[in-house]
Every structure is written in C-alpha cells, then in structure tokens.
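Inspection log for the structure reproduced underneath, given as structure tokens.
Coordinate-derived values only; no laboratory data. Treat the numbers as computed from the prediction; the structure is a model and nothing was measured. No Cβ is skipped: glycine too gets one built from the backbone with ideal geometry, and neighbour counts run over all protein chains shown.
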Amino acid sequence: MASFWSDIVDDHTGPDLTDALIADAEAALGYRLPAAYLRVLWLRNGGYPVRCRFPTAAPTSWAPDHIQITTLFGVWPGSGLLASARLIRARNLPAVGVVIADTPSGCGDAVMLDYSACGPTGEPRVVYAEPDVRTVTELAPTFAAFARGLVVGTADAD
C-alpha cells in the first residue's frame, strides 16, 4: 500500500490521520469505517491514487469494462467523506452508505461503501453508484479487494 498514493498533495489531502479524526467521522457518519480503508488513510489522508481504474465485468454508464476514480476521500471536517449524506441527496444516489471516491465524469456518479447487507458496524462492500439509478454495481466485496483491484489507467473514458 506504500505506493497507493500519487505525488500530488493539494486540498484533496487532509491533515495526518488521528484516532480522534476517525472517531469523530464514524460518529458523524453512523458507520464504522473498514480497517483496510483506514490503513490507506494512515499513509495519506485522502488524495489521488496512482491506480485509478477498476475493471468491471459488466458495462456501466462510464465505460464498457471499467470505472475511474479521481480522488479517494480522506477523513477530516469538511472532507468529501463527511459530506457523504449531502452528496447522496444532491446527486440522488442510493442511500446505502458512504461516498468514498469521485469519478472524473462530472455526472454525479460515485464509489461508495455499501452497508446495506452488513449493517453500520459490518464490513461493507464497495459499489459504483449512478445518479437516479436505485441499484448499485458491486465492484468488490471489501475495500481491501477494491484497493488490490485498482489498476493504472487514464482519467478519460475509453
């Protein structure tokens, strides 16, 4: 995971992660964040991953065989992660959990932790959610599997 993050550090990267930031975020969100997600954030609290493409078995509105992410949200007041409920409402995404990553599409789609089957303290699956679509596309059964499945790719749809 040491090579997870790109060299770019900007306003998408928050302060160093602390136990207090995690506790505050989990209390505000109402969900326990996966350990694998937090391991990545201990290295850098959000930003641009080196590997930003996730292959899919079925087409999405993004592409016939993958989705892209631009940033993975970190944990700090004002971050995209803590704005998750607002993003879900504003983008009309399914209310299944927490938005953890944006895509470069600009169409409001997102990558989410889906707690609908495991409950707020369980191990969520990672899904791709599209605006106005009440179903989600499973990307990986866990965040660890999602992180391992990311590959190098461009930020443009093919």
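Hey, what D do you get for segment 92-158 in µm²/s if you plug the Kirkwood alpha-carbon radius into Stokes-Einstein at 20 °C and 1.002 mPa s?
Values: Rh = 12.5 Å.
Stokes-Einstein gives a translational diffusion coefficient of 172 µm²/s.
In a fully extended conformation the segment linking residue 42 and residue 92 would gain 14.9 nm over its present Cα-Cα distance, using 0.36 nm per residue. Charge tally around residue 129: other residues with Cβ under 15 Å, Lys/Arg +1 each, Asp/Glu -1 each, net -1. Distance between the pseudo-spin-label points of residue 24 and residue 11 (7 Å out from Cα toward the beta carbon): 1.9 nm.
Helix-derived [θ] at 222 nm for the chain: sum -39500 (n - 2.57) over DSSP H runs of at least 4, divide by residue count, nearest 500?
Working: 4 runs with 35 residues, N = 158.
Counting only the DSSP helices, I get -6000 deg cm²/dmol.
Within the shell defined by Cβ-Cβ distances under 14 Å, the residues around residue 117 carry a net charge of -2, with Lys and Arg each +1 and Asp and Glu each -1.
Using per-residue counts of other Cβ atoms within 10 Å, averaged over each peptide, order 89-102, 114-127 from highest down. Kindly include the intermediate steps, with their values, before the conclusion.
On the way: 89-102: 19.1, 114-127: 17.2.
Going by the mean number of other Cβ atoms within 10 Å, highest first, we get 89-102, 114-127.
To one decimal place, what Kirkwood hydrodynamic radius in Å is obtained for segment 26-132 from all pairs of distinct Cα atoms? With all distinct Cα pairs of segment 26-132 included, I get 14.1 Å.
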